[in-house]
Amino acid sequence: MNPVIASNRYRSHTCAVLRPEHIGQPAKLAGWVHRKRDHGSLLFIDLRDHYGITQCVFTPNSAAFAAAESVRLESVISVTGNVIERTAENVNPALPTGGVEVKVDGLEVLSTAELLPFQVAGTQDIPEEQRLRYRFLDLRREKIHANIILRSKVIASIRRRMQERPGRSAVEASVDGVDDVVEPVAAASRAAAPRVGPTRAATNIPPRPRKKGKRR
């Protein structure tokens with residue numbers, strides 16, 4: 001994704017848009033601390049937002065270096081700096097932004113993360129009970145996030161095609177037929193409870209009075 005967004009106090013660009021044509025320009029990015037790599041004289045942070053990842057580099061003479069050293073993974077930060085070209089050996093062809101990086105001269109911590117129960121970055125297997133318990137972290141993982149985006153695009157495409165055909169209407173319904181609420185029960189089991197319509201208690205509808213009659 002490479003959307004055009006309005007700049008705000010947190011960012012001037014998303015983490016997916018910077019390219020070689022931006023070299024030499026100032027940039028302000030905001031997102032989660034995805035990865036950190038400390039090479040002694042240089043510190044690298046992969047900054048992730050909903051749209052992509054951009055590598056940020058910190059030098060010891062930068063005022064932001066100490067803050068970058070102490071910030072935890074999945075903390076939310078905003079950085080300012082200049083877009084610079086990566087050296088040929090450091091170009092990452094797997095990233096759309098892999099030809100550039102941001103040399104940071106300012107960092108603002110917007111939200112500090114606690115120690116993580118599991119890593120969001122990477123493809124390691126995570127026990128299902130942990131994934132369900134920390135669902136807010138699990139949904140940030142690359143594969144899960146990509147599935148969410150794909151599902152959104154599929155639903156949007158179906159809805160558009162339905163609405164373009166005369167006499168057709170798109171009606172809200174679950175893709176699977178039933179929305180299940182999955183709740184952890186024990187380490188080796190789980191229960192799936194189907195969602196139902198609003199109950200009388202939830203809608204403030206009084207129960208129907210029972211008719212009195214002779215018992216048969």
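The values are calculated or read from the model by the stated rules, or taken from the named source; none is laboratory data. None of these values were measured; they are calculated from a predicted model. Positions of Cβ are generated from backbone atoms using ideal geometry, with glycine treated the same way; all protein chains shown enter the neighbour counts. For the accessible areas, the whole protein counts, side chains as well, though only heavy atoms, and no ligand, DNA or RNA atoms are used. Shrake-Rupley method; radii C 1.70, N 1.55, O 1.52, S 1.80 Å.
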Exercise. Starting from segment 65-94, keep only residues that are farther than 20 Å from Arg9 by Cβ, then list their pairs with residues that are open to solvent by less than 70 Å² (accessible area, probe 1.4 Å) and in a helix (DSSP H, G or I) whose Cβ atoms are within a distance under 8 Å, requiring at least 6 positions of separation or different chains.
Key: Glu74/Leu137
Practice problem: Of all residues in segment 12-43, count the ones that are closer than 27 Å to Leu137 by Cβ, open to solvent by less than 70 Å² (accessible area, probe 1.4 Å), in contact (Cβ under 8 Å) with a residue 40 or more places away in the chain and outside any loop (DSSP other than H, G, I, E, B). | Solution: 6
Practice problem: Given the conditions (1) open to solvent by less than 80 Å² (accessible area, probe 1.4 Å); (2) part of a loop (DSSP other than H, G, I, E, B), report the number of the one that Ser7 does not fulfil. | Solution: (1)
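Any chance segment 148-162 includes a residue that's open to solvent by 90 Å² or more (accessible area, probe 1.4 Å), in a helix (DSSP H, G or I), under 24 Å from Glu74 (Cβ atoms) and at pLDDT 65 or above? Don't jump to the end; show me each part of the working.
Narrowing segment 148-162 to residues open to solvent by 90 Å² or more (accessible area, probe 1.4 Å): 150-151, 153, 158, 160-161.
Filter once more, keeping what is in a helix (DSSP H, G or I): 150-151, 153, 158, 160-161.
Of the ones still in play, those that are also under 24 Å from Glu74 (Cβ atoms) are 150-151.
Right, trim to at pLDDT 65 or above and you get 150-151.
The answer is yes, given that some residue of segment 148-162 is open to solvent by 90 Å² or more (accessible area, probe 1.4 Å), in a helix (DSSP H, G or I), under 24 Å from Glu74 (Cβ atoms) and at pLDDT 65 or above.
Among the residues of segment 54-69, are any surrounded by fewer than 18 Cβ atoms within 10 Å (Cβ to Cβ), of a type in the set (Gly, Ala, Ser), at pLDDT 90 or above and in a helix (DSSP H, G or I)? Give the steps one after another, and end with the answer.
Looking only at segment 54-69, we keep the residues that are surrounded by fewer than 18 Cβ atoms within 10 Å (Cβ to Cβ), and these are 59-61, 63, 65-67, 69.
Keeping just the survivors that are of a type in the set (Gly, Ala, Ser) gives 63, 66-67.
This time we only want the ones that are at pLDDT 90 or above, so: 66-67.
In the following step, the residues that additionally are in a helix (DSSP H, G or I) were identified as 66-67.
Yes, segment 54-69 contains a residue that is surrounded by fewer than 18 Cβ atoms within 10 Å (Cβ to Cβ), of a type in the set (Gly, Ala, Ser), at pLDDT 90 or above and in a helix (DSSP H, G or I).
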Self-check item: Index of the failed condition, Asn61 passing every other in (1) more than 17 Å from the chain's Cα centre (by Cα); (2) within 22 Å of Arg141 (Cα to Cα)
Solution: (2)
Exercise. Filter segment 114-143 for residues that are out of contact with any helix residue (DSSP H, G or I) (no Cβ under 6 Å at 6 or more places or on another chain) and assigned to a helix (DSSP H, G or I) and give the result.
Key: Glu128, Glu129, Gln130, Leu132, Arg133, Arg135, Phe136, Leu137, Glu142, Lys143
Quiz item: For the subset of segment 101-131 comprising residues that are more than 22 Å from Arg141 (Cα to Cα) and within 22 Å of the chain's Cα centre (by Cα), which member is surrounded by the fewest Cβ atoms within 10 Å (Cβ to Cβ)?
Solution: Glu108
Practice problem: Considering only residues that are assigned to a loop (DSSP other than H, G, I, E, B) and over 24 Å from the mean Cα position of the chain (by Cα), look in segment 73-100 and name the one that is modelled with the lowest pLDDT. | Solution: Thr87
Quiz prompt | Check on Asp46, under 24 Å from Val120 (Cα atoms), touching a residue at least 12 places away in the same chain (Cβ under 8 Å) and open to solvent by less than 20 Å² (accessible area, probe 1.4 Å) | solution = yes
